[in-house]
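Input: a single structure, listed below in structure tokens.
The values are calculated or read from the model by the stated rules, or taken from the named source; none is laboratory data. Since the structure is predicted, the reported quantities are computational estimates derived from the model, not experimental observations. Backbone-built Cβ (ideal geometry, glycine too); neighbour counts: all protein chains shown. Protein only, heavy atoms only, side chains kept; ligands, DNA and RNA dropped before computing areas. Shrake-Rupley method; radii C 1.70, N 1.55, O 1.52, S 1.80 Å.
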Amino acid sequence: MSAPDELFCWEGDWGLPSVDPDCLVLLAYAKFAGAPLKVQKISNPWRSPSGSLPALRTSKGEVLSRTSDIIIHLRKQKYNADYDLSAREGADTLAFSSLLEERLLPALIHTFWMDSKNYVELTRRWYAEHLPFPLSLVVPGRMQAAQQARLRLARSDEALDGGEELEKELYHDAAECMNLLSQRLGTSKFFFGDSPSSLDAVVFGHLAPLLKAKLPNAKLQQQLTSLDNLTLFCSNILLLYFPGGGDGRENAGRKASSPAEGGDFDHVPNKRRKQLLSALTAVGAMLAYALFTGILSVRHVHQRALEASPGRTAADEEEDDDED
């Protein structure tokens, strides 16, 4: 029997199986379709086979990093969450997915990555605390730059000027999108009846972080929480498919009594130990580079120590000069 496909994604927090929307979409889709993935929740994208998250390593060794490509791959393996949808429901899935991409996603990027208060106090802090040193100093800023580029592409706006006007426009579009999603969902458990589909995975993946994150600036979050059926929709998926939040803590009590099994320790190493080892590695590498390039010379340090010795005589200095 071949090994299962392996999904690498950002680890969870805030009661979610992952803090990243794309990772949440894939985790939910895999659950809905019954795909037997081996999930690796990590906090270091360099441990991913693609160097980014999410990423899927197939049983044949192929590496996929785009969310859409991973879903297409799962469908080819007969794990299709949309198998029972009618042609009209399939068309609705495409329409609402496009609407979400165009109207809701830009506002989410702005909320988590462009809003200075949210970025400094929540987003950057979370990644800086979970990434190993020294990546914690570099990666959050690079991720923000990537999200800025993604927002420019979504809006076809190179400058992203506008300040408060831009925020007002983005939040207005997002509110309209959420209202339309709320109307389409109605009182149903999922968007197309009693069984979840890819649309449910996409909506859940984008709304759940907005619902659960402790945002200092919660304007968009307040719009979501005013729509009771969407908040209940997210809560039901968490309860049914990710009990305990799915962030690695749901089995903590059961595994605490059996250290040999590893439990959460295997998936989320002790942060202090990880940071200490990373710091020592970085310092060692810098010292080795300094010695190799001549920036730091042991001989010169030794000479300065001898010159500073109180018992050193003029004859000793002349002897050293002769030797040189």
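Taking the Cα centre of segment 30-148 as origin and charging only Cβ (+1 Lys, Arg; -1 Asp, Glu), how large is the dipole, in debye to the nearest 20?
Charge dipole of segment 30-148: 520 debye, to the nearest 20.
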Rank these by accessible area, largest first, 1.4 Å probe: E102, E176, E11.
E102, E176, E11
Simple spin-label estimate for S98 and S195 in nanometres, 7 Å along Cα-Cβ
2.6 nm
So, with points 7 Å from each Cα along the Cβ direction, the R152-T231 label distance in nm works out to 3.7 nm
Computed from the beta carbon distance with a Förster radius of 30 Å, FRET efficiency for R66 and W14 to the nearest 0.05 stands at 0.75
Cα-only Rg/Rh for segment 12-92 with Kirkwood Rh rounds to 0.99
How many nm separate the modelled label positions at L180 and R88, each set 7 Å beyond the Cα in the direction of the Cβ?
1.9 nm
Counting every Cα pair in segment 1-51, what percent are over 14 Å apart?
53 percent
Entries in K76/K219; K60/K189; K78/K189; K60/K212 that, when Cα-Cα distance is taken, lie over 32 Å
K76/K219; K60/K189; K60/K212
Find the percent of Cα-Cα distances in segment 26-179 that exceed 26 Å, and round it to a whole number.
42 percent
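Quick check: at a probe of 1.4 Å, how many percent of the accessible area of segment 30-83 sits on carbon and sulfur atoms?
45 percent
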Choose one of V139, I71, L100: the residue whose Cα lies farthest towards the positive end of the charge dipole of segment 35-151 (beta-carbon charges +1 Lys, Arg; -1 Asp, Glu; about the Cα centre).
V139
Rounded to the nearest whole Å², what accessible area per residue is found for segment 111-202 with the 1.4 Å probe?
52 Å²
When ranked by the protection proxy of mean other Cβ atoms within 10 Å per residue, highest first, what sequence do the peptides 132-141, 111-120 form?
111-120, 132-141
Integer Hz, Karplus 6.51/-1.76/1.60 couplings in order for segment 199-205, x for Gly and Pro
5, 4, 5, 5, 5, 4, x
Cα centroid separation, segment 68-87 to segment 150-210 (Å):
22 Å
Please list, in chain and number order, the residues 5+ apart from Q40 or on another chain whose amide H is under 5 Å from its amide H, with Hs placed from the backbone.
L7, F8, C9
Efficiency of FRET between S116 and K78 - r from beta-carbon atoms, R0 41 angstrom, step 0.05:
0.30
Quick calc, segment 5-72, dipole around Cα centre from Cβ unit charges on Lys, Arg (+) and Asp, Glu (-), nearest 20 debye, gives 160 debye
